[in-house]
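For reference, the structure discussed in these notes is given below.
No value in this document is a laboratory result; all are computed from the given coordinates. Being a predicted model, the structure only gives us computed values, none of them experimental. Note: ideal-geometry Cβ built from the backbone for every residue, glycine included; neighbour counts use all protein chains shown.
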Amino acid sequence: MNTCKSWELKKKVLPQHTDHAGVVWHGTYLNWLEESRIDSIGKAGIRYIELLNRGFEMPVYKIEIKYLMPIMIGDEIIVKSSFIINQGPRIKVNSKFTNLRNKIHAEASIDIVLINKKTFKVVRKRPLFLEHCLNNLRKGP
């Protein structure tokens, strides 16, 4: 992760997040990562629905998750994410799933890209309305 302050999303593990053994199901991590990205983008200056209404989308291009320790039903978790944004079309989001004592349970790296919603083509020149939000994402909260 970069040295900027991370964006944070707090989650409490409920039964629907787990498998039959009470361990967080692997798909839940993906849902929380998306929720964290959407939440961070909103806090940085643009609601995701506004991005969609302007004809853009930010789909996942690549994802990697490293599971270090199980997360169990009843646990409270913080998804801490930082954004690495350069001039290219890809935006890298590095995330850590930590407990309240800052113990890391999982790490994830996701590449997203800005696309035109109608053509599904990558947008290489970002629109001005999005630049302020991306700068805020890069800096952190």
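Numbers for the structure displayed
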quantity	calculated
Estimated [θ] at 222 nm from DSSP helical runs (n ≥ 4, -39500 (n - 2.57)) normalised by residues in the chain, nearest 500	-8000 deg cm²/dmol
Alpha-carbon centroids, the range 38-53 and the range 57-85: separation in whole Å	19 Å
Cα-centred dipole magnitude for the range 51-106, charges only on beta-carbon of K, R (+1) and D, E (-1), debye, nearest 20	220 debye
Extreme residue, positive dipole direction of the range 72-141, given options PHE97, THR119, CYS133 (C-beta unit charges)	THR119
Cβ crowding within 10 Å averaged over residues, with 76-82, 66-72 ranked highest first	76-82, 66-72
Average silhouette area of the chain, convex hull of alpha-carbon atoms, in square nanometres	8.6 nm²
Charge dipole (debye, nearest 20) of the chain; +1 at Cβ of Lys and Arg, -1 at Cβ of Asp and Glu	600 debye
5 angstrom amide H check on GLU57, placed H, neighbours 5+ away	ILE115, LYS117
Relative contact order (%) - the chain, alpha-carbon pairs under 8 angstrom, separation at least six	31 percent
Fluctuation leader among LYS96, LYS121, LYS43 - the chain, Gaussian network, Cα springs under 10 angstrom	LYS121
Filtered chymotrypsin sites (Phe, Trp or Tyr not before Pro), the range 71-141: DSSP coil and at most 16 other beta carbons within 10 Å	PHE120
Straight-distance crosslink candidates among aspartates and glutamates, where the alpha carbon sits under 16 Å from LYS11 and sequence neighbours closer than 8 are dropped	GLU34, GLU35, ASP39, ASP75, GLU76, GLU107
Computed magnitude of the charge dipole of the range 1-62 (debye, nearest 20; Cβ of K, R +1, Cβ of D, E -1)	200 debye
Straight-distance crosslink candidates among lysines, where the alpha carbon sits under 16 Å from LYS10 and sequence neighbours closer than 8 are dropped	LYS43, LYS80, LYS96, LYS103
